[in-house]
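Everything on this sheet refers to the single structure shown next.
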Amino acid sequence: MNSEFDLIVIGGGSSGMMAAGRAAENGARVLLLEKNENLGVKLLITGKGRCNITNNELNKNNLVDFYGKKGRFLFSAFNNFDIKDVINFFAKRGVATKTERGARVFPVSDKSRDLLDVLINYLRENKVKIKTNAEVKVIKFNNSEISSVVLKNGDEYSAKNYLVTTGGKSYPLSGSAGDGYKWLAKMGHIIIEPKPALCSIIIKEPWIKELEGLSLKNVQINIFQTNSHVKTGKKVDSRFGEALFTGNGMSGPIILDMSKNIGELLASGQVYLEIDFKPKLDFKTLDKRLQKDFLESKNKQFKNSLDQLLPKKIIPIFIKLSKINSAKKIHAITKEERKIILHLLKNFKLNISQVSGFERAIVTAGGVDLKEVDSKTMKSKIINNLYLAGEILDIDAPTGGYNLQSCWSTGFTVGENFKTK
Ligand SMILES: Cc1cc2nc3c(=O)[nH]c(=O)nc-3n(C[C@H](O)[C@H](O)[C@H](O)COP(=O)(O)OP(=O)(O)OC[C@H]3O[C@@H](n4cnc5c(N)ncnc54)[C@H](O)[C@@H]3O)c2cc1C
């Protein structure tokens, strides 16, 4: 058995690599164990291969709010390594960043590969011993202390300290299949039930597949819940921005951000959404605009009159739902029919059957109960020589770079415990 290490890091994702690099930079002898053939598999697919590394929200009070009630747990980690530190960390190593809409920060190159290369060099420069194809199967522990870890191939390693950064359960093909939760539960940690978050939703209407690939900009999506007591939907959430139709439902930033809420609502009732294609115009103003448009195209057929109002792909479905004869001349459209059109433009209803599962979820909500982790050091309060960082913690945030920021900050914070130089 090998026991030459100060720290064994289990999981070579964003938080594990940051922690291992920083601990080694501080003078620790570090072994990094990763079950995949390569490090940072998930990092490579973030932001559709562009990696939204952080969010340029420089006010720490505002920043923690994005993580909900649990955000305050991150204060110390953000003080150790904040947004500017992340940007400088990569800039110093040759990867410049740019800030896009919604303060989202990306590498100028639009390549997450560049960030991964920086992290791998950081590990090598600081002499972290890296073992890939090294799947941890068992963590041995007694008397509130870990004694060693055993790999799938039987190799056993021990160190003074251990860090579990095996991520959540989302996108299991990337390697994060929830292994860490099992070990930690055995050691006595409370695991808040992991649930998929930031995921697409499945829509009941069978014609939804005809809209696949259509993206919507500047729409408002309102979420409603009904149950046996409340038959007319109660509005429970609402977002403005971009959305996207998939083969069987919807995705895109505003859907992803509402998906955690939708998942919880589905557990206690029926849930549907309404798309407002013209959120900046109230009913009255939109009606005026419609009347003006119709006057200008009074001799057109109904089916040829909607191009200015809606994306092309959705028009055939819109016409079907309106039940207005598609060949009807605009001048023959009645006031009642105009009301139907208005209603569909402002309240285009779709019934939600479910949120998609872990397979395609961007993050996992739930994880190690934060009450059992010291927020200043990321040290477990249950096991003496254990640290925790990254998505395995019960913390998650909307899209925008916040999830990676918490990985960088919590990972770095673990590394700060190993200052020997
Ligand atoms: C498609 C997609 C796009 C995303 N885009 C963004 C984005 O643009 N911005 C953003 O902020 N967030 C984004 N996220 C979320 C973000 O990627 C994660 O929150 C973050 O990568 C989690 O980092 P982690 O280090 O905690 O875990 P992971 O990156 O999941 O790393 C965990 C590592 O542990 C390894 N491991 C697991 N079990 C074992 C074991 N038994 N033995 C050894 N190793 C093990 C895994 O193989 C994996 O490499 C995205 C996620 C997905 C899925």
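Comparing ALA365, ALA185, ALA197 in a Gaussian network model of the chain, where Cα atoms under 10 Å apart are tied by springs, the biggest mean-square fluctuation is seen for ALA185. A full extension of the chain between LYS376 and GLU193 corresponds to an added length of 63.5 nm, given 0.36 nm per residue minus the alpha carbon distance.
Pairwise Cα separations in region 41-156 fall into 10 Å bins from 0 onward with the following percentages, short to long: 12, 29, 31, 23, 6, 0. Rounded to whole Å, give me the distance from the Cα center of region 1-32 to that of region 65-109. Cα centres, region 1-32 to region 65-109: 22 Å.
Can you compute the FRET efficiency between LYS312 and LEU173 using 1/(1 + (r/R0)^6), with r the Cβ-Cβ distance and R0 = 30 Å? Round to the nearest 0.05.
Given R0 = 30 Å and the Cβ-Cβ separation, E is 0.30.
Helices that extend 15 Å or more along their long axis by alpha-carbon positions and average at least 0.0 on the Kyte-Doolittle scale are, among the DSSP H runs of the chain, 14-25, 253-266, 402-415. Expressed as a whole percent, the proportion of Cα-Cα pairs in region 278-351 lying more than 16 Å apart is 44%.
Straightening the chain between ASN121 and ASN143 buys 4.2 nm, computed as 0.36 nm per residue apart minus the Cα-Cα spacing.
For the chain, the fraction of 1.4 Å probe accessible surface lying on carbon and sulfur atoms is 49 percent.
About the centre of its Cα atoms, the chain shows a dipole size close to 1560 debye [charges on the beta carbon of Lys, Arg (+1) and Asp, Glu (-1) only; nearest 20 debye].
Using a simple spin-label model with pseudo-atoms 7 Å out from Cα toward Cβ, LYS328 and LYS131 lie 7.3 nm apart. Label positions at ARG72 and SER268, each projected 7 Å from the Cα along the C-beta direction, are separated by 2.4 nm. Lys/Arg Cβ at +1, Asp/Glu Cβ at -1, dipole of region 200-356 taken about the Cα centre: which of ALA243, ASN227, TRP207 is farthest positive-ward? Ranked along the dipole, the leading option is TRP207. If the segment from LYS60 to GLN291 were pulled out straight at 0.36 nm per residue, it would be longer than the present Cα-Cα gap by 78.3 nm. In this structure, the residue pairs whose Cα-Cα separation is over 25 Å, taken from LYS111/LYS204; LYS48/LYS320; LYS60/LYS379; LYS323/LYS346; LYS60/LYS127; LYS42/LYS182, are LYS111/LYS204; LYS48/LYS320; LYS60/LYS127. With contacts taken as Cα pairs under 8 Å at a separation of at least 6 residues, region 288-374 carries a relative contact order of 26 percent.
Our summary gives the chain a relative contact order of 26 percent, counting only alpha carbon pairs under 8 angstrom and 6 or more residues apart. Short-range pairs are left out: with C-alpha atoms under 8 Å and at least six residues apart, the relative contact order of region 80-202 is 11 percent. Average accessible surface for the chain: 46 Å² per residue, computed with a 1.4 Å probe over protein heavy atoms with every protein chain in place. Name all residues of region 385-421 having a backbone nitrogen under 18 Å from the label point set 7 Å from the Cα of ASP85 along its Cα→Cβ direction, giving them as ranges. Answer for region 385-421: 387-391, 402-421.
Percent of Cα pairs in the chain per distance bin of 20 Å, from zero to the largest separation: 25, 46, 22, 6, 0.
The values are calculated or read from the model by the stated rules, or taken from the named source; none is laboratory data. What you see is a predicted model; the values in this text were computed from it and never measured. All Cβ positions, glycine included, derive from the backbone under ideal geometry; neighbour counts span all protein chains shown. Please note that ligands, DNA and RNA were not included when accessible areas were found on the heavy atoms of the full protein model with its side chains. Shrake-Rupley method; radii C 1.70, N 1.55, O 1.52, S 1.80 Å.
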